[in-house]
Amino acid sequence: MSPDPKAPGPAIVLAMIVTHRIEGYAIVSADGMIADADGVMPASIRNSADQKFLQAALDGAAAVVHGQHSHEGGPRAAMRKRLILTRHVASIAPDPSQPNALLWNPEGATFEQALAALGAAAGTVAIIGGTEVFGLFLPHYDAFHLTRAPATIPGGRPVFPQTSSQSTPEDILAAAGLRPTPRRDIDAAAGITLTTWKR
Ligand SMILES: NC(=O)c1ccc[n+]([C@@H]2O[C@H](COP(=O)([O-])OP(=O)(O)OC[C@H]3O[C@@H](n4cnc5c(N)ncnc54)[C@H](OP(=O)(O)O)[C@@H]3O)[C@@H](O)[C@H]2O)c1
């Protein structure tokens, strides 16, 4: 199956990212969803092995990037530098509730400008969603860590804006030029697998 060329993509396209390595992280239902229709991530796709993998990866990241309705949680989240996408600021602004975070609107400032304002060190930037943010960075992933859970979320929110019944997240990653590395069973009893896709 190939991605639907008529499916909506991100409204803006980021310029080529050369300053940092870009890695995405998502846990996705069997039908390619990250949350239900109300924007809630259900317990059926939450998994402790995946959380452990994610939290360890984010500990080593120069910055974490996500939309206004996403957050990795956990006891170390406040210590991580982060960019939170929102259209409620013109370009870049402090987040009054999180000292290590900046609010960022890609329409008003480049990714490089936002990382510089954040004081992000060299290294990897972790993209953790949601849908539109995963789609925005699709041309730029050096790696995408795709965890799969067996539950389905009918009518849910897809991992990529382009995901449909015709195109799986794997189709979309392949079309973006990434290739899968061997799949790992990170929680065999729960049927949870992790495949890292690399450019
Ligand atoms: N399973 C997973 O791996 C995973 C990963 C991530 C999230 N989730 C779940 O998915 C749900 C939320 O997903 P979501 O897609 O609705 O939320 P989201 O990306 O976290 O937040 C959407 C908001 O982010 C801002 N935004 C997104 N793209 C933007 C852009 N290009 N420019 C400027 N601002 C932008 C907008 O905020 P404003 O409205 O402020 O402008 C938008 O309303 C939550 O339940 C979360 O837990 C699951």
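Quick one: is ALA117 within 12 Å of the ligand (Cβ to nearest atom) and at pLDDT 95 or above? So ALA117 does not fit the description; no. One residue stands out among those in region 12-28 that are in contact (Cβ under 8 Å) with a residue 12 or more places away in the chain and assigned to a loop (DSSP other than H, G, I, E, B): the one that is nearest to the ligand (Cβ to nearest atom), which is ILE12. The residues of region 120-132 that are away from the ligand (no atom under 11 Å from the Cβ), in contact with a helix residue (DSSP H, G or I) (Cβ under 9 Å, 6 or more places away or on another chain) and assigned to a loop (DSSP other than H, G, I, E, B) amount to a single one, ALA120. Among the residues making up region 94-128, those that are in contact with a Phe, Trp or Tyr (Cβ under 8 Å, 6 or more places away or on another chain) and closer than 13 Å to GLU23 by Cα are ALA126, ILE127, ILE128.
Scanning region 93-113 for residues that are surrounded by 15 or more Cβ atoms within 10 Å (Cβ to Cβ) and within 19 Å of ALA78 (Cβ to Cβ) turns up ALA93, ASP95, GLN98, ASN100, ALA101, LEU102, LEU103, TRP104. Tallying residues that are surrounded by 18 or more Cβ atoms within 10 Å (Cβ to Cβ) and either within 9 Å of the ligand (Cβ to nearest atom) or over 15 Å from the mean Cα position of the chain (by Cα) (or both) within region 29-48 yields 7. Among the residues of region 114-135, the one identified as closer than 13 Å to ALA35 by Cβ and surrounded by fewer than 21 Cβ atoms within 10 Å (Cβ to Cβ) is GLU132. Mind counting the residues in region 70-114 that are more than 27 Å from VAL40 (Cα to Cα) and more than 14 Å from the ligand (Cβ to nearest atom)? Selection size over region 70-114: 2.
The values are calculated or read from the model by the stated rules, or taken from the named source; none is laboratory data. Small disclaimer: the values here were computed from a predicted structure and weren't measured. Using ideal geometry, Cβ is built from the backbone for each residue, glycine included, and neighbour counts are taken over all protein chains shown.
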